[in-house]
Amino acid sequence: MGAVGGVHAKLALIGDYLAQHRKPLQGKRIFIALPREGLDGRSLALSESGTLSRLQSEAERIGATLETVFLDSLDDLEKPLGPFQLPERITPRRAILGLVSALTLAAVAGAAHLAAGAPVTLAFTPSVAAESGADGVEPRRALYDSARDKIVPQPLCFDAQREPLVVGGETLVFKVRAHDDWPWIALWRPAHLFVVSVSRAADPIVLDAARFKSVHGADVTGGDGFAVAIPIDPIEDEIRLFVVATRDPQMDATRLQNELREALKGLSGAAVFTTTTSFLADRLGNILDYEFKVTNDAKACPA
């Protein structure tokens with residue numbers, strides 16, 4: 001910012017302005033911004049002191065406050081006036097665009113929330129036993145034939161209360177079909193499936209369904225389903241198996257197992273099963289379960 005000439009005449013015009021606008025200026029704070037030096041290099045505070053004194057008196061007479069600021073640059077105005085900001089103008093077009101953006105964000109957030117809770121239909125499908133002529137789709141006991149490297153299905157077996165029995169050392173086989181109820185939802189939020197085993201005598205175990213063989217090459221996270229073969233330890237126990245599905249991308253087998261073990265801490269007996277069922281239903285929503293007993297009495301289940 002350089003020196004300015006004609007300052008005396010400009011100050012005179014300011015005096016006229018004060019005189020002509022007494023009423024609207026009453027009670028106002030008025031700033032006069034002047035360069036620190038004139039064209040001749042003299043200080044304007046000295047050279048125009050008389051005129052500035054008269055302007056000060058006129059301002060006081062009309063009830064206004066007059067402040068004179070001598071500047072080296074326009075940046076010096078920031079201290080008395082504050083930072084310079086342009087007010088934002090909201091035009092109809094900008095208002096519409098803002099509204100559309102807000103609605104779009106809200107729609108995306110709402111869609112993401114709905115997608116996270118999109119249901120997955122889980123169902124047992126005919127296992128190898130059923131394919132060999134037996135009826136039903138529930139899990140089946142089977143024996144591993146090492147000579148043929150093949151799992152051989154066994155007849156269904158029940159105790160006196162018609163609860164399914166599996167002999168310790170056998171294998172439990174089943175197939176699960178997982179179907180997305182919403183078309184194309186798997187492209188955005190694919191379902192992730194887990195197999196959960198809970199018993200009265202052992203800690204819960206959670207296995208990622210991706211570990212198991214898919215059926216007909218289908219993806220276990222939304223295709224026709226997957227096949228499971230679980231070796232059964234020769235320990236007499238009561239076991240409940242769950243197949244669960246979630247669309248939470250942060251959920252994994254380790255996290256789910258740790259959270260479930262924490263929920264079951266200190267529980268025993270039937271409370272283990274009821275608490276697990278409630279926990280999985282609340283936490284994941286999509287569950288399928290099957291309960292059976294393990295016996296070491298081979299005569300209880302004919303081959």
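The values are calculated or read from the model by the stated rules, or taken from the named source; none is laboratory data. Note that the structure is predicted; figures quoted are calculated from it, not measured. Cβ atoms come from the backbone with ideal geometry, glycine included; neighbour counts cover every protein chain shown.
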Return the residue satisfying two criteria in turn: it lies in region 157-178 and is surrounded by fewer than 16 Cβ atoms within 10 Å (Cβ to Cβ) and not charged (D, E, K, R), and of such residues it is modelled with the lowest pLDDT.
Ala160
State all residues of region 277-303 that are touching a residue at least 60 places away in the same chain (Cβ under 8 Å), farther than 22 Å from Val176 by Cα and either among the small types (Gly, Ala, Ser) or in a helix (DSSP H, G or I) (or both); if no residue qualifies, say none.
Ala298, Ala300, Ala303
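Output the residue which, of all residues in region 262-272 that are in a helix (DSSP H, G or I) and more than 30 Å from the chain's Cα centre (by Cα), is surrounded by the most Cβ atoms within 10 Å (Cβ to Cβ).
Selected residue: Val272.
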Looking only at region 37-54, filter to residues that are under 17 Å from Asp16 (Cβ atoms) and modelled with pLDDT under 75; which one of those is surrounded by the fewest Cβ atoms within 10 Å (Cβ to Cβ)?
Gly50
Of the residues in region 165-177, those that are assigned to a strand (DSSP E or B) and under 18 Å from Val152 (Cα atoms) number 8
All but one of (1) modelled with pLDDT under 75; (2) among the aromatic types (Phe, Trp, Tyr); (3) crowded, with 19+ Cβ neighbours inside 10 Å hold for Phe194, so report the exception by its number.
(1)
Determine whether Ala112 is surrounded by fewer than 17 Cβ atoms within 10 Å (Cβ to Cβ) and at pLDDT below 85.
yes
Every residue in region 254-276 that is in contact (Cβ under 8 Å) with a residue 12 or more places away in the chain and under 25 Å from Gly168 (Cβ atoms), please.
Gln257, Leu260, Arg261, Leu264, Ser268, Gly269, Val272, Phe273, Thr276
